[in-house]
Amino acid sequence: MKKINIGMVGGGFMGKAHALAYAGMPMFFWPAPAIPHRHTVVDVTDQLAVEAAQRLGFENYSSDWRKVVEDPNIDVIDIVTPNNSHAEIAIAAAEAGKHIISEKPLARNAEEAKTMLDAVRKAGVKHMVAFNYRRTPAVALAKKYIEEGRIGKILNFRGTYLQDWSADPNSPLSWRFQKKIAGSGALGDIGTHVIDMARFLVGEISEVNAVAKTWINERPIQSGGVDKLGTVKASADVPKAPVDVDDEFATLLKFENGAIGSIEATRNAWGRNNFLTFEIHGEKGSLYFNYERRDELQVYFADDPSDARGFRTVYTGPAHPYGEGLWPIPALGIGYGETKIIETYDFIKSIVEDTEVSPNFYDGYRIALISDAILESAEKGTWVSLKQTEAEVNQ
Ligand code: SOE
């Protein structure tokens with residue numbers, strides 16, 4: 001069976017998720033389109049890279065991503081580093097003719113994302129952005145119902161992404177709170193997942209009207225580069241430095257197809273852990289999803305007999321999207337790992353079959369444009385339009 005050699009840049013939280021997916025994909029989806037081989041992992045020092053190779057099952061290690069990008073044995077460059085390095089690595093990888101999967105958000109802003117899109121288009125390589133939640137089977141089922149017209153024309157999308165890991169002011173100032181590294185705060189980190197969901201399920205967003213807020217304006221300086229996502233708190237005597245990104249935003253939306261809606265995201269919502277939800281109302285029914293109950297899709301069909309109407313719970317399983325590869329009984333339960341396995345399956349398949357995959361760098365670029373517009377709108381207090389000419393889109 002064909003083997004695809006992976007060079008993965010980064011050995012942290014997302015490195016773990018991607019390595020698990022490379023190992024697990026053929027176990028779930030067999031025959032696999034190809035075997036993703038964990039060839040080389042890169043971390044910032046040799047010592048960290050050796051450890052990452054042992055932990056994550058890579059054959060080789062390196063502390064020099066440029067060498068790995070240039071290595072003729074490598075087929076795919078997987079970028080699982082903080083946001084400020086995505087563009088440099090992706091552009092070099094594209095120039096070296098490698099297929100690329102990048103963690104989200106694609107870049108710190110639309111200008112940077114555009115340089116990445118231009119590079120992959122010029123090189124003719126496959127490219128994907130790891131917005132994995134759209135690959136949750138219940139979300140893919142929502143997409144299927146929408147495409148089949150089961151809830152009719154869509155009127156409204158309400159999306160939220162609520163977490164609480166940064167609500168404590170003693171959660172250290174990791175890179176996720178620094179504009180020069182992250183680009184934005186809750187918006188880029190988690191809001192972009194909901195923007196991806198909205199575009200995937202409803203269509204292109206044409207206008208936004210937003211508010212944004214930073215609640216905790218300074219945080220303890222973090223020792224060491226590893227982001228613990230609030231699990232390790234700093235003590236009160238640690239010196240502090242400013243936060244220059246949003247903790248929270250909310251935006252109204254207009255879609256190109258006439259639907260309206262809203263998105264809000266915060267990492268300061270005590271009691272909410274990975275509360276990624278959407279409710280979609282159509283002319284003939286409604287859909288509701290909450291990632292904290294990710295095996296379930298709540299569906300309401302207005303053409304049910306009037307004495308039987310009500311939201312029902314569909315537990316995803318073999319009858320649903322990706323069900324052929326996952327577990328044999330509905331509600332055995334899928335998790336974060338499975339969403340990454342499905343993502344890997346679709347990406348590797350697109351390489352082997354030479355087909356388009358989404359979300360790709362174009363989607364990542366559009367999401368960056370929408371994110372920039374949300375920040376601009378919050379600053380100006382006005383609607384910001386995202387309409388583009390065909391020429392701009394096809395550039
Ligand atoms: C932190 O907010 C985070 O790890 C995000 O960066 C991920 O994209 C999300 O999947 C889980 O939460």
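The values are calculated or read from the model by the stated rules, or taken from the named source; none is laboratory data. Everything numeric in this text was worked out from a predicted model, so none of it was measured. No Cβ is skipped: glycine too gets one built from the backbone with ideal geometry, and neighbour counts run over all protein chains shown. Heads up: the accessible areas ignore ligands, DNA and RNA and are worked out on the full protein's heavy atoms, side chains in. Shrake-Rupley method; radii C 1.70, N 1.55, O 1.52, S 1.80 Å.
Structural remarks
- With the biggest extent put first, the Cα atoms of the range 137-333 measure 64, 40, 29 Å across the principal axes.
- Alpha carbon convex hull of the range 127-249, volume per residue in cubic angstrom: 140
- Calculated over the chain, the projected area of the Cα convex hull averaged across directions stands at 19.9 nm².
- When the range 257-346 is described by a simple charge dipole with +1 on each Lys and Arg Cβ and -1 on each Asp and Glu Cβ, the residue from Ser262, Gly325, Ile342 located farthest towards its positive end is Ser262.
- Signed unit charges on C-beta, dipole axis of the chain, positive-most listed residue Phe289, Val384, Ile367: Phe289
- Shape summary: the range 3-133 maps onto an equivalent ellipsoid whose semi-axes, from the alpha-carbon gyration tensor, are 21, 17, 14 Å in decreasing order.
- Apolar share of the accessible surface for the chain: 51 percent from carbon plus sulfur atoms, 1.4 Å probe.
- Non-local Lys pairs in the range 137-333, i.e. 8 or more apart or on different chains, that have alpha carbons under 27 Å apart: 22
- Using the Cβ-Cβ distance between Asp227 and Lys153 with R0 = 30 Å, the FRET efficiency computed as 1/(1 + (r/R0)^6) comes to roughly 0.10.
- Partner lysines for Lys3 [C-alpha distance under 21 Å; skip if fewer than 8 residues away on the same chain]: Lys16, Lys67, Lys98, Lys126, Lys340, Lys349
- Cα pair distances of the range 227-297 binned at 5 Å [whole percent]: 3, 10, 14, 19, 17, 12, 9, 6, 5, 2, 1, 0
- Theoretical FRET efficiency, 1/(1+(r/R0)^6), r = Cβ-Cβ of Glu256 and Gln54, R0 30 Å, to 0.05: 0.05
- Scaled radius of gyration (Cα, divided by 2.2 N^0.38 Å) that the range 142-182 gives: 2.06
- A simple charge model with +1 on the Cβ of Lys and Arg, -1 on the Cβ of Asp and Glu and nothing else charged puts the dipole of the chain at about 360 debye relative to its Cα centre.
- Solvent-accessible area per residue, Å², over the chain with all protein chains present [probe radius 1.4 Å]: 43
- Computed over the range 83-147, Kirkwood Rh from alpha-carbon pairs, angstrom: 12.8
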